């Protein structure tokens with residue numbers, strides 16, 4: 001079954017898909033790796049190390065995005081629920097991260113596989129210079145046949161600097177390292193037509209060709225006491241990877257030899273296809289690695305020419321300016337109903353745009369006393385979502 005605009009699609013040959021994979025990102029969720037009561041699940045980590053090492057020996061380049069640090073730290077501290085303050089969460093992450101990496105180090109060592117810890121924050125991804133530096137670091141590790149184990153740097157990241165969840169982080173890492181496949185291992189077999197825990201008639205959807213609003217409605221987005229996200233964050237990650245031209249597989253990490261079987265072309269979980277028109281790396285970075293600092297409310301005419309004619313945004317199409325941002329910051333472009341449809345880098349700061357909104361480009365210099373550009377956002381810095 002394929003669900004997209006209610007139209008059935010042709011099945012995908014997964015063996016053919018797997019044959020084109022050289023580099024893949026694997027994300028493993030907290031519920032698979034740890035629990036508050038028992039700490040890290042050593043058996044699961046041992047099996048994961050065995051499989052990932054085996055893929056390296058077969059010639060694949062593999063990066064692991066691993067959750068579990070905060071849960072491991074909570075168990076060490078004797079906490080029964082997630083700390084509510086940022087310093088307490090950071091303390092739990094700091095304690096758990098060292099424990100998590102030690103266990104990974106010992107498990108991979110049994111298979112002669114070197115690993116390296118890589119901790120990222122939103123700042124590392126938002127700065128183009130640091131983004132490229134992180135890419136070079138990962139490429140160098142892979143060239144030495146070292147498996148990077150990546151997590152968000154929860155020890156230092158405050159809320160405004162956080163990616164937020166490791167599902168979306170794994171999609172950004174997929175773009176960062178230009179991988180060919182994203183695999184998200186969860187405690188559920190994939191995307192279902194309904195919540196399988198509540199509906200016995202729920203069916204697994206093996207193939208999704210596009211993450212639409214229809215697909216998103218299937219995800220409850222519910223959270224439990226241990227995981228950061230739910231199926232909704234996994235769909236967000238699949239959509240981000242798809243826009244970069246990379247397919248995603250969401251499946252259960254409890255399936256025996258799941259990664260080996262995926263790379264052999266076995267149909268496991270839900271496969272989300274890549275978009276036919278791939279976003280350039282820089283535009284993908286603008287769309288997904290940057291957090292908007294404000295919003296521009298655009299009229300219907302501006303929305304039309306941006307979406308249908310690929311035009312730049314001019315001040316005449318702006319109805320309202322929200323937020324306090326500087327020139328060069330990322331902002332959201334929303335329509336009059338408040339729905340975001342584009343994102344881009346602005347050429348003017350918020351106070352300047354308040355003065356020139358609704359005016360023609362020929363009036364900018366008269367109003368401000370100077371003019372940087374005709375365009376508020378040039379089409380090369382503007383991405384449709």
Query raised in the report: Angle, helix 42-57 long axis vs. longest principal axis of the chain, Cα atoms, 0 to 90°, nearest 10?
Result: 70
Query raised in the report: What is the packing order of peptides 367-373, 347-353, 269-275, taking the mean over residues of other C-beta atoms within 10 Å and listing the highest first?
Result: 269-275, 347-353, 367-373
Query - Contour minus Cα-Cα distance for residue 109 and residue 216 (0.36 nm per residue) - result: 34.5 nm
Requested in this report: Find the centroid of the Cα atoms in region 60-115 and in region 286-331, then give the distance between the two in whole Å.
Outcome: 39
Query raised in the report: Over the chain, what per residue volume does the convex hull of the Cα atoms give, in whole Å³?
Result: 146
Report summary line: Percent antiparallel among DSSP beta bridges confined to the chain, rounded to 5, stands at 40
Query raised in the report: P(r) tail for region 214-314, what percent of Cα pairs lie past 19 Å?
Result: 63
Query raised in the report: Ranked from highest to lowest mean number of other Cβ atoms within 10 Å per residue, what is the order of the peptides 246-253, 40-47?
Result: 246-253, 40-47
Requested in this report: Place the peptides 303-314, 28-39 in order of packing, highest mean first, counting for every residue the other Cβ atoms within 10 Å and averaging per peptide.
Outcome: 28-39, 303-314
Query raised in the report: Length gain on complete extension for the stretch residue 260 to residue 337, per 0.36 nm per residue less the alpha carbon to alpha carbon distance?
Result: 23.1 nm
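Readers should treat all values here as calculations from the given coordinates under stated rules, not as data from a laboratory. Worth saying up front: this structure is predicted, and the values here are computed from it rather than measured. Don't worry about glycine lacking a Cβ; one is built from the backbone with ideal geometry, like all the others, and counts go over all protein chains shown.
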